[in-house]
Amino acid sequence: MSNGSPAGDDVIVASTSGPLGGEVTVPGAKNSVLKLMAATLLADGRHLLTNVPVIDDVEIMSDLLRAVGLRIEQIAAPAGEVGQHLEIVNTGAITPVAPFEVADRIRASVNLVGPLLTRFGHIDIALPGGDDFGGRPIDMHLRGLEKMGAEFQVTPEGLFGRCGRLQGAAIEFDFPSVGATENIVMAAVLAEGVTVITNAAREPEIVDLCDMLRRMGARIEGAGTDIITVTGVEQSALHAVTHEVVTDRVQAATYMAAVAMCKGDVTVRRANLEHMGMLVERFGEMGVSVTPVEGGARVVCEGGLTSVNVSTLPYPGFATDYKPLVVAMLAMADGTGIVTENLYPGRFRYVEELRKLGAEIDIDGHHAVVRGVGHLRGAIVNAPDIRAGAALVVAGLAAQGITEIRDVHHIDRGYDDIVGRLSSLGASVSRIRRSAGV
Ligand code: UD1
């Protein structure tokens, strides 16, 4: 939307830092909590989500769910806990129509399709000009739901769907889509009969969603494997629950990458290394030790980084959301590393920003060839999206001189106080408030 910092948007200023030390606590995962919030549409009562990250996407999803009829209160977390609590009250008085003003602001509005359709038999989700479908298609979501009996119409105004009671079906995905797996699972919870999803996504956030749904009364087996079986239940069998959101593995990886680039010895509290196996392996090959400790992980990096090749793949492969972090690390490493993107072919937009910091990166189709240059230098850069924005902040800490990161509203969508957390580790980073019109 903008080439520079829009009026009213804050900037983050990072300067040469390290070695980092101390402890940082990682909050709950954006990619889980948004789906857990959608899942509360399925059961009436008072739900309570804990370990919820304080991020803009949670605010936007709250607005969207309020617009369809849920009551949502943000509650400060008790002392000793991170994040916030969300109390979500579902009285059953829901209008399955998501207005343009809010649905437009968040792709996760797609996650309302499964629960709203299965419970209310119709949906009307506004999406801007259908462009969202073009950029990140939802054909697998729709085909799966059609197989269960739903009918859709996609128009420039949005997505309209209707159905009688959905019917259990055998659904085989071409690709283990995270969003499509989540939507079909939520739809199948109230369908008649058994739904078997083959080639299902296996991400920890899907396991988290299925855990919560099971505790709500759903019958789900196989979450975390590539075959998920859901036996539909009656709506009256579901009830509200309290659920703690799984730790954000991408935020955890961000603080680990900061240690890799600035050196240091840091404990990342609540990091769950069982969910981060491939990252731990690659970081180890690069010279960053990540080991489990009670309640989290210890990250130590004392010397220079060694280049490796990395390919993004669905879980348990190397997550595409870690990629900007590893590209930034490779930019400073010894040697040349090739990073291959297998999920989103066009997802290298931030490379241009890293080049402003002196990185030497060539793009060839879905490969990035990163030649390590030893050190980066400070510059003014723009955060193109959530993850790349965070990688630029971390790169700014390792660069010589001062780096100004603009368009930080992208980072705010998914990071809960990245500046405060990095500062607590001794990093030189601050946020400068820009008032509108300046
Ligand atoms: C989720 C995450 C995102 C992460 C991604 C992959 C959330 C809010 N976002 O996104 O951070 O990068 O998983 O781990 O949880 N595709 C189709 N048709 C479909 C569905 C997907 O072609 O119907 C394609 C997409 O365009 C993309 C790939 O499949 O190229 C992966 O998409 P998917 O796994 O569905 O990712 P999201 O759920 O959108």
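The values are calculated or read from the model by the stated rules, or taken from the named source; none is laboratory data. Quick caveat, the model's predicted, so the values are computed rather than measured. Note: ideal-geometry Cβ built from the backbone for every residue, glycine included; neighbour counts use all protein chains shown. What goes into the accessible areas is simple: the full protein's heavy atoms, side chains included, and nothing from ligands, DNA or RNA. Shrake-Rupley method; radii C 1.70, N 1.55, O 1.52, S 1.80 Å.
Relative contact order of the chain, taken over Cα pairs closer than 8 Å and 6 or more residues apart, is 22 percent. For region 30-244, the Kirkwood estimate of hydrodynamic radius, built from reciprocal distances between every pair of different alpha carbons, is 16.9 Å.
Given a 1.4 Å probe and the protein chains as shown, T95 ends up with an accessible area of around 80 Å².
In terms of Cα to Cα distance under 12 Å, which aspartates and glutamates are near enough to K263, apart from those fewer than 8 places away along the same chain? The qualifying aspartates and glutamates are E302.
Against the main long axis of the alpha-carbon atoms of the chain, helix 56-68 sits at an angle near 10°. Among beta bridges identified by DSSP and lying wholly in the chain, the antiparallel ones come to about 70 percent.
Helix-only estimate, please: 222 nm mean residue ellipticity of the chain, summing -39500 (n - 2.57) across DSSP H runs of length 4 or more and dividing by its residues, to the nearest 500.
Values: 15 runs with 136 residues, N = 438.
Value at 222 nm, helices only: -9000 deg cm²/dmol.
Considering only protein heavy atoms and a 1.4 Å probe, what is the carbon-and-sulfur percentage of the accessible area of region 30-244? The C+S portion of the solvent-accessible surface of region 30-244 is 48 percent. Rounded, prolate or oblate, given the Cα gyration tensor of region 289-438, with a/c below 1.5 counting as rounded? Here region 289-438 falls in the rounded category.
Solvent-accessible area of E87, all protein chains in place: 40 Å² (probe radius 1.4 Å, heavy atoms, ligands and nucleic acids excluded). Can you give me the angle between helix 249-262 and the longest principal axis of the chain, using Cα atoms only, in degrees from 0 to 90, rounded to the nearest 10? Relative to the chain, helix 249-262 is tipped by roughly 0 degrees.
For the residues I363, I418, I12, a GNM of the chain with alpha-carbon springs under 10 Å puts the largest fluctuation on I363.
Placing unit charges on each Cβ (+1 for Lys and Arg, -1 for Asp and Glu) gives the chain a dipole about its Cα centre, and among V370, V82, A43 the Cα reaching farthest toward its positive end belongs to V82. A straight Cα-to-Cα reach below 19 Å connects K356 with the lysines K323, residues fewer than 8 places away in its own chain not being considered. With every protein chain in place and a 1.4 angstrom probe, the accessible-area ranking of K263, K147, K30, K356, largest first, reads K147, K356, K263, K30. Quick one: how many Å² of D412 are accessible to a 1.4 Å probe, rounded to 10? Using a 1.4 Å probe on the heavy atoms, I get roughly 30 Å². Relative to the dominant Cα principal axis of the chain, helix 178-189 is inclined by about 30°.
About the Cα centre of region 30-244, what is the dipole size in debye to 20, counting +1 per Lys and Arg Cβ and -1 per Asp and Glu Cβ, all else neutral? Display every interim value, and only then the final one.
Values: 17 positive and 29 negative charges, 98 e Å.
Computed about the Cα centre, the dipole is about 460 debye.
With viscosity set to 0.692 mPa s and temperature to 37 °C, compute the Stokes-Einstein D of the chain, Rh being the Kirkwood radius across alpha carbon pairs; µm²/s, no decimals. Once the numbers are plugged in, D ends up at 147 µm²/s.
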